[in-house]
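What follows is one structure encoded as structure tokens, with my remarks underneath.
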Amino acid sequence: MRARKLEAAVIYALLVGVASPPACASGFASIEYWVGQGSNEAALAIDWDGDSTSDTALVWGYRWDGDALGEQMLRDIVAADSRLFARVGSIGSFGLAVFGLGYDDNDDGQFAIDQPGVFFGPDGLAVTGPDDGGEAIDSADRYREGWFEYYWHYGSGSESNGVIAWQTSQTGLATSVLVDGQWNSLAFASAIPASFTEFAENLLPAQPPTVALPGDLNSDGRVDAADYTAWRDGAAPIADYLLWKQHFGQSSAGAAASHAESVVPEPHAACVLLLAAFAVRARRPPQR
């Protein structure tokens with residue numbers, strides 16, 4: 001019975017579409033974290049509380065040439081951002097199904113959920129069957145999952161003058177062909193039967209990884225006398241001393257400018273400052 005209600009709701013949403021209230025966005029220029037290379041651009045916004053109009057969603061940018069699907073965009077972004085995790089699987093004609101999305105908010109490299117046997121690989125994915133209600137073991141992290149009682153709603157839209165006109169996607173991620181300039185929304189909904197009115201709101205750019213600074217032994221973004229003290233007092237190897245000596249006087253801003261990265265930061269709006277505390281890692285650590 002529940003499956004029939006869900007099917008009816010899906011058909012209704014695909015026929016009429018559903019528009020959301022205006023989202024707080026300032027165009028692609030506000031996106032900081034870009035994944036991929038190419039002349040085409042799209043954005044992915046993830047909202048862990050799609051029922052709320054007061055929470056914030058995080059946004060990543062995606063670049064490509066030729067043809068690309070929504071599934072590849074999600075896979076590439078999850079693989080690139082060591083804080084982002086996805087529990088996915090395959091459900092009949094749906095193709096790729098998103099069961100859960102997680103984010104290591106405190107960036108401690110220890111993301112896991114309270115579902116036995118569910119482990120995220122180096123690409124940030126856990127390929128499993130559907131489930132409902134899993135939670136992040138670390139309460140400081142974000143994670144929502146669902147398929148039977150809850151669901152992740154996929155929508156797309158276009159932006160004009162800082163306002164995104166969202167609409168329920170007429171295809172799933174596996175078959176959704178990306179369009180240059182397109183915005184994409186994954187918003188978690190906590191009600192069945194589905195209403196398909198949940199879209200990402202109050203968009204804030206996800207922060208790109210910082211470049212590790214050689215010789216910065218106390219991780220304060222500068223190579224200075226304090227790092228020598230850390231080396232001396234920590235009985236560190238001579239190699240660390242040589243790195244400190246070689247890079248003495250450098251800062252993380254200068255180091256980042258000297259590295260060619262696949263993720264290209266762009267100018268951002270004032271609201272980006274709200275996420276300045278999100279320190280990030282360049283590599284995904286092993287998951288427990």
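The values are calculated or read from the model by the stated rules, or taken from the named source; none is laboratory data. Since we're looking at a predicted model, the values are computed, not measured. With ideal geometry, Cβ positions are generated from the backbone for all residues, glycine too; neighbour counts draw on all protein chains shown. Calculation scope for accessible area: heavy atoms of the full protein, side chains included, ligands and nucleic acids excluded. Shrake-Rupley method; radii C 1.70, N 1.55, O 1.52, S 1.80 Å.
Structure notes:
- Hey, Glu149 charged (D, E, K, R) and at pLDDT below 95 or not: yes
- Single residue of segment 45-59 satisfying the filter (farther than 19 Å from Gly70 by Cβ and β-branched (Val, Ile, Thr)) that is least open to solvent (accessible area, probe 1.4 Å): Thr56
Listed here are the residues, each with its yes/no results for (1) out of contact with any strand residue (DSSP E or B) (no Cβ under 6 Å at 6 or more places or on another chain); (2) in contact (Cβ under 8 Å) with a residue 24 or more places away in the chain; (3) under 29 Å from Gly146 (Cα atoms); (4) open to solvent by 20 Å² or more (accessible area, probe 1.4 Å).
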| residue | (1), (2), (3), (4) |
| --- | --- |
| Ala165 | no, yes, yes, yes |
| Thr168 | no, yes, yes, no |
| Leu173 | no, yes, yes, no |
| Gln182 | no, yes, yes, yes |
| Phe199 | no, yes, yes, no |
| Asn202 | yes, yes, yes, yes |
| Gln207 | yes, yes, yes, yes |
| Pro214 | yes, yes, no, yes |
| Ala225 | yes, no, no, yes |
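- Output for segment 63-110, where each listed residue is in contact (Cβ under 8 Å) with a residue 60 or more places away in the chain, open to solvent by 10 Å² or more (accessible area, probe 1.4 Å) and either of a type in the set (D, E, K, R) or in a strand (DSSP E or B) (or both): Trp64, Asp67, Leu69, Glu71, Leu96, Val98, Asp105, Asp107
- Residues that are charged (D, E, K, R) and either modelled with pLDDT of 95 or more or at positive phi (or both), drawn from segment 51-80: Arg63, Asp65, Asp67, Glu71, Arg75, Asp76
Here's the yes/no breakdown for (1) within 22 Å of Gly27 (Cα to Cα); (2) in contact with a Phe, Trp or Tyr (Cβ under 6 Å, 6 or more places away or on another chain); (3) of a type in the set (A, V, I, L, M):
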site: Trp64; (1), (2), (3): yes, no, no
site: Glu71; (1), (2), (3): no, no, no
site: Asp76; (1), (2), (3): yes, no, no
site: Asp81; (1), (2), (3): yes, no, no
site: Ile91; (1), (2), (3): no, no, yes
site: Phe99; (1), (2), (3): no, yes, no
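- The lone exception for Ser160 - which of (1) open to solvent by 60 Å² or more (accessible area, probe 1.4 Å); (2) at positive phi it fails: (2)
- Candidates in segment 185-236 are the residues that are β-branched (Val, Ile, Thr) and part of a loop (DSSP other than H, G, I, E, B); of these, the one that is modelled with the lowest pLDDT is Val211.
- Summed over segment 135-157, residues that are in contact with a Ser or Thr (Cβ under 8 Å, 6 or more places away or on another chain) and open to solvent by less than 30 Å² (accessible area, probe 1.4 Å) total 6.
- The residues of segment 116-175 that are within 16 Å of Thr197 (Cβ to Cβ) and among the aliphatic types (A, V, I, L, M), listed by number, are Ile164, Ala165.
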